[in-house]
Amino acid sequence: MPANKKLLVLPGDGIGPEVMRQVRRVVDWMDKRRALRFEITEGLVGGAALDKHGVPLTDATMADAQATDAVLFGSVGGPKWDSLPFDKKPERGLLRLRKEMGLFANLRPALVFEELADASTLKREIIAGLDIMILRELTGGVYFGEPRGVTALPDGTKRAVDTQVYTTPEIERIVRVAFELARKRRNKVCSVEKANVMHTGVLWRETATRLHAAEYKDVELSHMYADNCAMQLVRNPKQFDVIVTDNLFGDLLSDLASMLTGSLGMLPSASLGAPDATGRRKALYEPIHGSAPDIAGKDIANPLAMLLSFAMMLRYSFDLADDADIVERAAKTVLAAGYRTADIMQPGMKKLSTTQMGDMLLKELDKLAA
Ligand code: NAD
């Protein structure tokens with residue numbers, strides 16, 4: 001069968017290459033066992049690219065990212081490069097990818113596997129089985145709005161300004177992603193802003209309401225103020241399906257939601273751009289954790305966040321829900337059987353290395369596909 005899915009793999013630094021190696025084994029399994037053929041290009045990013053090329057991302061790798069169907073990204077950074085000037089830092093590689101690919105939609109699922117419900121700081125019954133998606137607008141709002149800056153005042157004090165700004169098209173395109181995501185999930189969108197005190201909130205609410213009435217009446221839409229949403233996320237998070245919100249509120253709420261799950265090594269993310277003429281969206285998938293220099297090279301990192309990022313890629317870039325399901329189910333079954341990496345180890349469970357976790361996943365995939 002000809003290669004039909006183009007994939008750029010950027011393992012990066014620290015544990016990035018270690019967890020990516022396990023995902024590559026799953027990709028090979030997919031090649032052999034499912035009707036999927038990936039054409040994979042591998043590139044350097046972050047410190048690895050700095051060491052080889054003197055920049056955190058070369059123009060050639062950037063061009064590869066623009067041309068591919070999806071980018072699978074490990075993690076970048078580490079103490080070796082910490083003293084470099086800001087524009088040379090490994091993280092600049094990731095920022096350049098996000099900016100030049102126009103990745104305005106950041107998807108962060110907060111998913112609690114039943115088996116890990118005790119790792120959360122919240123009570124088991126509040127979060128067991130949780131599966132919500134926080135969708136954050138990533139390229140607009142108060143982090144980018146003009147004017148911004150600090151000016152000195154005649155009396156010797158200073159004045160600092162940041163500007164929260166959104167336009168109708170910016171709101172429309174992110175809310176549209178939310179409705180489309182909801183259609184692939186439980187069909188519910190909660191749009192979050194502060195329309196009670198902010199003009200951008202009023203425009204946000206009006207725009208979401210209008211788009212819903214015009215094109216997405218089949219999806220259930222509700223609105224919530226951001227402060228209430230923070231409260232509801234810890235009180236009763238399972239009331240939500242997809243939460244869509246701006247850059248600032250999304251930054252806070254997605255961190256809050258990820259901590260409901262209790263484990264950094266389990267959480268994937270996706271960043272999507274605008275669709276082109278064929279409907280294809282530029283996309284980058286990555287775990288939310290960093291390069292974990294404290295455990296790099298020891299074969300003890302948890303590869304599941306990276307694996308679940310790959311599952312998101314199957315679901316959102318390639319519309320392969322069945323294949324995404326089988327990958328997610330393999331992870332769940334391995335956990336249910338009592339296998340853990342060190343970061344999620346619990347009494348009475350069996351501790352596995354990164355590679356052994358990869359072995360178990362492949363065994364489980366074989367069983368699920370049999
Ligand atoms: P981190 O996420 O790398 O690590 C935080 C803690 O969680 C560490 O104790 C680490 O061992 C643990 N951890 C993280 N992922 C794990 C996994 N898969 N399995 C087991 N344990 C895991 O965050 P940090 O320590 O703040 O940052 C380290 C480096 O990573 C820095 O250079 C930072 O800039 C970079 N970073 C990169 C990204 C990215 O590439 N997107 C994101 C965050 C941080």
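The values are calculated or read from the model by the stated rules, or taken from the named source; none is laboratory data. None of the values given here were measured: they were computed from a predicted structure. As a convention, Cβ positions derive from the backbone with ideal geometry for all residues, glycine included, and neighbour counts pool all protein chains shown. Just so you know, the surface numbers come from the protein's heavy atoms only, side chains and all, with ligands and any DNA or RNA stripped out. Shrake-Rupley method; radii C 1.70, N 1.55, O 1.52, S 1.80 Å.
Please list, in order, the residues from region 130-173 whose amide nitrogen is less than 15 Å from a point placed 7 Å along the Cα→Cβ vector of Glu206.
Label zone hits: 166-172.
Quick one: which residues, 5 or more positions from Leu130 or on another chain, have an amide H under 5 Å from its amide H? H modelled 1.01 Å from N in the peptide plane, none for Pro or chain starts.
Correct list: Val112.
Under 17 Å Cα to Cα from Lys351, which lysines show up? Leave out anything in the same chain fewer than 8 places away.
Qualifying lysines at Cα under 17 Å: Lys298, Lys332, Lys363.
Can you give the FRET efficiency to the nearest 0.05 for Ala214 and Arg280, using r as the Cβ-Cβ distance and R₀ = 22 Å?
So, using R0 = 22 Å, E works out to roughly 0.40.
How much mean residue ellipticity at 222 nm does the chain get from its helices, if each DSSP H run of length 4 or more adds -39500 (n - 2.57) and you divide by all residues, to the nearest 500 deg cm²/dmol?
Counting only the DSSP helices, I get -13000 deg cm²/dmol.
Considering the Cα positions of region 112-261, please state its Rg to one decimal place and its Dmax as a whole number of Å.
Rg then Dmax for region 112-261, in Å: 17.5, 61.
Taking 0.36 nm per residue of separation and subtracting the Cα-Cα distance, what length does fully extending Phe144 through Arg34 add?
The span from Phe144 to Arg34 would gain 35.3 nm if fully extended.
Would you please state which residues of region 334-366 a label at Asp299 would reach in this model, taking the label point 7 Å out along Cα→Cβ and a backbone N cut-off of under 13 Å?
352-359
Tabulate in residue order the Karplus-calculated ³J(HN,Hα) for region 127-136, using 6.51 cos²θ - 1.76 cosθ + 1.60 with θ = phi - 60°, rounded to whole Hz; enter x for Gly and Pro.
10, 4, x, 4, 8, 10, 10, 9, 10, 10
Counting only protein heavy atoms, what percent of the accessible surface of the chain is carbon or sulfur at a 1.4 Å probe?
55
What FRET efficiency comes out for the pair Gln356/Arg329, r = Cβ-Cβ distance, R0 = 22 Å, nearest 0.05?
Working: r = 19 Å, r/R0 = 0.87.
About 0.70, to the nearest 0.05.
Using modelled backbone amide H atoms (1.01 Å from N, in-plane), which distant-in-sequence or interchain residues come within less than 5 Å of Thr341's amide H?
Leu352
Enumerate the lysines that Lys282 could reach by cross-link, defined here as Cα to Cα under 16 Å, with residues fewer than 8 away along the same chain left out.
Excluding near neighbours in sequence, the set is Lys5, Lys6, Lys99.
Under 5 Å between amide H atoms, partner at least 5 residues away or on a different chain: which partners does Val9 have, H built in plane at 1.01 Å?
Thr41, Glu42, Gly43, Leu72
May I ask you to compute the full-extension gain from His199 to Glu42, defined as 0.36 nm times their residue separation minus their alpha-carbon distance, rounded to one decimal in nm?
Values: separation 157, 0.36 × 157 = 56.52 nm, distance 4.48 nm.
Gain in length upon complete extension: 52.0 nm.
Hey, could you pull the Cα Rg and Dmax for region 184-324, both in Å?
Spelled out, the Cα radius of gyration and Dmax of region 184-324 are 17.3, 54 Å.
Distance in nm between label sites at Ala60 and Glu91, each 7 Å beyond Cα in the beta-carbon direction?
2.8
Averaged per residue, what accessible surface does the chain expose to a 1.4 Å probe, in Å²? Provide the component values of the computation, followed by the final result.
Numbers: 16350 Å² over 370 residues.
Here the residues of the chain average 44 Å² of exposed surface.
Give me log10 I(q)/I(0) at q = 0.07, 0.10, 0.12 Å⁻¹ for the chain, Debye formula, one equal scatterer per alpha-carbon, no solvent.
The Cα Debye sum returns log10 ratios of -0.32, -0.65, -0.95.
Could you give each residue of region 311-317 its phi-based ³J(HN,Hα) in whole Hz, using Karplus coefficients 6.51, -1.76, 1.60 with θ = phi - 60°, and x for Gly or Pro?
Calculated HN-Hα couplings, in order: 4, 4, 4, 4, 6, 9, 8 Hz.
Could you tally up the Lys pairs in region 112-261 with alpha carbons closer than 26 Å? Skip any pair fewer than 8 positions apart unless they're on separate chains.
9
Hey, what do the phi angles of region 257-262 turn into as Karplus ³J(HN,Hα) couplings, whole Hz, using 6.51/-1.76/1.60 and θ = phi - 60°, x for Gly and Pro?
Result, ordered by residue: 5, 5, 6, 4, 7, x Hz.
Ordered by packing density, taken as the mean number of other Cβ atoms within 10 Å over each peptide's residues, highest first, how do 165-178, 139-152 rank?
Values: 165-178: 19.4, 139-152: 13.4.
Ranked by mean Cβ neighbours within 10 Å, highest first: 165-178, 139-152.
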